[in-house]
Amino acid sequence: MKRTLTLLLTGILANLTFSQTSKIEQVNTFIVKNSGSILDKEKDVDGYYFFYELDKLKKGDREFAIQILDKNLVEVAKKKYIDNKNTFLMKSVFNNQAMIFAMANIKEKKITLLTFDKKAEQKPTIEIPLESIEIRYILAMQQSGDFNVLFPVENKGFIFNRVIDNKKIGYSLAYYPTDGGQSWEYSSPKDSKEILSINPIEVNDKVIVALEASKPGILSRKFTIKTKVIDVKTGKLLFEKEYSKISKPRIINNAFLDKDSNIVLMGEYFKEGDNIFDDKSLGLFTEVINSSGQTLKENFTSWKEDVAKIAKVDGNYIDDKGYVYFHNIVRTKSNDYYAIGEFYKRTASAGGIALTALSVLGGGGGGASVTQLTITNSVIFKFNVDFKLTGIQEFEKGKSRAPSLSDFGSPQLNAHALKAYGAFDYEYTQLDKKNDRFYACFIDYERLKGEKNKNAFKTIIYDEGKLTEDKIYLSNNDSNFRILPAKIGNVLLLEYNKKSKEILLHLEKLNIK
């Protein structure tokens with residue numbers, strides 16, 4: 001698992017030439033995920049925002065602060081407000097115009113959406129009453145700390161994704177504009193006899209691409225997954241696609257727009273008749289679709305033939321390395337596509353087997369998974385403009401392990417589910433459009449011979465058609481820690497020191513070889 005919440009900077013490579021520090025004081029309570037980068041029109045980092053508790057007040061109230069720093073860690077604005085102690089932050093995002101905070105209060109049965117502009121000036125507040133089914137969902141999600149509820153629409157607004165109490169269980173996608181546009185809501189049918197949920201996998205200023213899952217009951221393994229494409233301006237469904245067991249069984253992993261604003265779906269394909277939740281995929285596919293839902297072209301990349309051939313290794317490449325989970329896809333000025341991912345396999349879990357054996361003997365520990373995902377090297381697949389695979393480059397990385405959510409179902413299914421729990425080492429990808437570069441960033445736990453193991457922040461840098469790697473070493477500490485993208489060519493190392501009640505900020509320059 002990633003150790004991003006327990007890291008402290010100890011040293012940097014000798015070739016790093018720039019360092020800058022700052023701190024925010026009198027922070028009573030702070031969770032590192034309640035911070036983020038502010039981007040400019042070119043998607044370069046223009047500053048940072050922080051949400052934290054300042055003080056405990058009388059009658060159960062709390063004083064909170066929203067603080068804005070510029071890209072050089074200089075304070076731009078700081079605003080305070082009072083809220084109830086039972087209120088907690090579900091998620092916050094930034095859309096280049098404004099930042100929004102989804103605050104939940106189970107006791108008062110409501111969600112409050114707080115919006116602030118880049119100067120921390122507060123905009124009108126939105127309150128959403130909570131239904132009983134949604135309260136149960138929120139309580140369950142608190143266990144992981146990941147709420148799949150807010151999505152930024154660049155320079156336009158925000159999408160709020162919630163569970164609703166229909167005849168069974170449904171969903172609602174609500175759009176709140178920040179550019180003066182019209183709000184809208186796209187919801188599942190109220191009389192549906194299915195349990196329905198939705199997961200946006202791509203949200204941009206033109207469309208929302210979302211995966212809708214439905215099943216007849218809680219315990220049922222009979223899933224139907226539809227890919228829905230929604231107009232972000234109007235909230236109207238442009239089209240939907242269903243890939244069934246009989247016809248084109250596929251898992252959609254990624255979606256993005258090509259240079260002509262067509263929608264590109266990328267994922268894994270299966271043999272006809274296979275179950276995508278149980279069987280192994282045959283390889284990768286890309287499908288280019290226009291705004292009317294018409295498929296313009298498709299491309300298939302076989303694990304056993306295409307991937308193994310380019311990798312030039314003995315044996316079965318996919319069996320040796322495992323599967324690939326792709327986190328992001330970047331298009332360069334040469335119209336090549338770089339898919340950034342990590343290898344993973346399902347392996348036996350010694351701890352899970354021991355707990356299961358203990359349960360059989362009557363010693364407790366029931367329900368433990370006996371398998372795990374073992375995550376290894378970073379990998380980048382290169383595709384040409386027609387999405388034909390033209391290159392693969394691996395980067396060494398230590399093993400991370402995450403217990404499977406279920407011993408049943410395919411490794412791919414577990415990987416998709418565990419992504420939300422932070423099981424992978426990937427952090428983010430930053431684009432430098434001006435110089436035609438990108439930075440793909442990971443946390444790695446290096447097991448070193450003859451010395452103490454170390455954590456490292458590793459960056460794969462694309463520059464002038466080549467991929468190189470840079471790293472900053474880190475070590476364990478009891479502090480809360482996070483890594484954020486900084487102005488191009490830099491990284492921000494953020495540490496919360498609970499004892500001194502300070503947020504410590506350290507800006508470091510990456511090495512471009």
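The values are calculated or read from the model by the stated rules, or taken from the named source; none is laboratory data. Small disclaimer: the values here were computed from a predicted structure and weren't measured. Note: ideal-geometry Cβ built from the backbone for every residue, glycine included; neighbour counts use all protein chains shown.
Annotations for the structure displayed:
- Selection within the stretch 490-510 - part of a loop (DSSP other than H, G, I, E, B) and either more than 19 Å from L431 (Cβ to Cβ) or in contact with a Leu (Cβ under 6 Å, 6 or more places away or on another chain) (or both): K498, K499, S500, K501
- Residue selected from the stretch 165-189 under the condition in contact with a Gly (Cβ under 7 Å, 6 or more places away or on another chain) and within 19 Å of I225 (Cα to Cα), by the criterion surrounded by the most Cβ atoms within 10 Å (Cβ to Cβ): S188
- Residue match in the stretch 35-53 (condition: free of Cβ contacts under 8 Å to residues at least 40 places away in the same chain, hydrophobic (A, V, I, L, M, F, W, C) and touching a strand residue (DSSP E or B) at 6+ places or on another chain (Cβ under 9 Å)): no
- Scanning the stretch 74-96 for residues that are within 22 Å of D179 (Cα to Cα) and part of a loop (DSSP other than H, G, I, E, B) returns N95, N96.
- Restricting attention to the stretch 85-133 and to residues that are of a type in the set (S, T, Y) and at pLDDT 90 or above, the residue that is surrounded by the most Cβ atoms within 10 Å (Cβ to Cβ) turns out to be T115.
- Y52 passes every criterion in (1) closer than 24 Å to K107 by Cα; (2) among the aromatic types (F, W, Y); (3) at pLDDT below 90 apart from (3).
- Scope the stretch 97-124; condition among the charged types (D, E, K, R), assigned to a loop (DSSP other than H, G, I, E, B) and farther than 15 Å from D70 by Cα; matching residues: K107, E108, K109, E121, K123
- Exactly one residue among K248, K228, K233 is assigned to a strand (DSSP E or B), surrounded by 15 or more Cβ atoms within 10 Å (Cβ to Cβ) and not hydrophobic (A, V, I, L, M, F, W, C), and that residue is K228.
- Filtered residue count, the stretch 235-254, keeping only those that are polar (S, T, N, Q) and either over 11 Å from E272 (Cβ atoms) or in contact (Cβ under 8 Å) with a residue 60 or more places away in the chain (or both): 2
- Residues in the stretch 279-298 that are surrounded by 18 or more Cβ atoms within 10 Å (Cβ to Cβ) and not charged (D, E, K, R): S281, L282, L284, F285, T286, V288, I289.
- No other residue among K309, K333 is under 17 Å from F383 (Cα atoms), surrounded by fewer than 17 Cβ atoms within 10 Å (Cβ to Cβ), at pLDDT below 85 and basic (K, R) apart from K309.
- Residue in the stretch 2-21 that is within 30 Å of D205 (Cβ to Cβ) and either in a loop (DSSP other than H, G, I, E, B) or at pLDDT below 90 (or both) present: yes
- Out of F256, F285, F277, one residue alone is closer than 30 Å to F343 by Cα, among the aromatic types (F, W, Y) and not in a strand (DSSP E or B). It is F277.
- Only one of I135, I195, I208 that is among the aliphatic types (A, V, I, L, M), closer than 24 Å to D40 by Cα and in contact with a Lys or Arg (Cβ under 9 Å, 6 or more places away or on another chain): I208
- For S302, the stated conditions do not hold, so it cannot be described as closer than 30 Å to F442 by Cα, touching a residue at least 60 places away in the same chain (Cβ under 8 Å) and over 25 Å from the mean Cα position of the chain (by Cα).
Results for (1) closer than 21 Å to R250 by Cα; (2) touching an Asp or Glu at 6+ places or on another chain (Cβ under 6 Å); (3) part of a loop (DSSP other than H, G, I, E, B), shown as yes or no for each residue.
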site: I135; (1), (2), (3): no, no, no
site: V163; (1), (2), (3): no, yes, no
site: K168; (1), (2), (3): no, no, yes
site: Y171; (1), (2), (3): no, no, no
site: G180; (1), (2), (3): no, no, yes
site: K193; (1), (2), (3): no, no, yes
site: S197; (1), (2), (3): yes, no, no
site: V209; (1), (2), (3): yes, yes, no
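To keep it simple, each residue is scored yes or no on (1) surrounded by 14 or more Cβ atoms within 10 Å (Cβ to Cβ); (2) under 28 Å from the mean Cα position of the chain (by Cα); (3) more than 20 Å from L484 (Cβ to Cβ).
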{"position": "Q26", "(1), (2), (3)": "no, no, yes"}
{"position": "N34", "(1), (2), (3)": "yes, yes, no"}
{"position": "K43", "(1), (2), (3)": "yes, yes, no"}
{"position": "G47", "(1), (2), (3)": "yes, yes, no"}
{"position": "K56", "(1), (2), (3)": "no, no, yes"}
{"position": "Q67", "(1), (2), (3)": "yes, yes, no"}
{"position": "D83", "(1), (2), (3)": "yes, no, yes"}
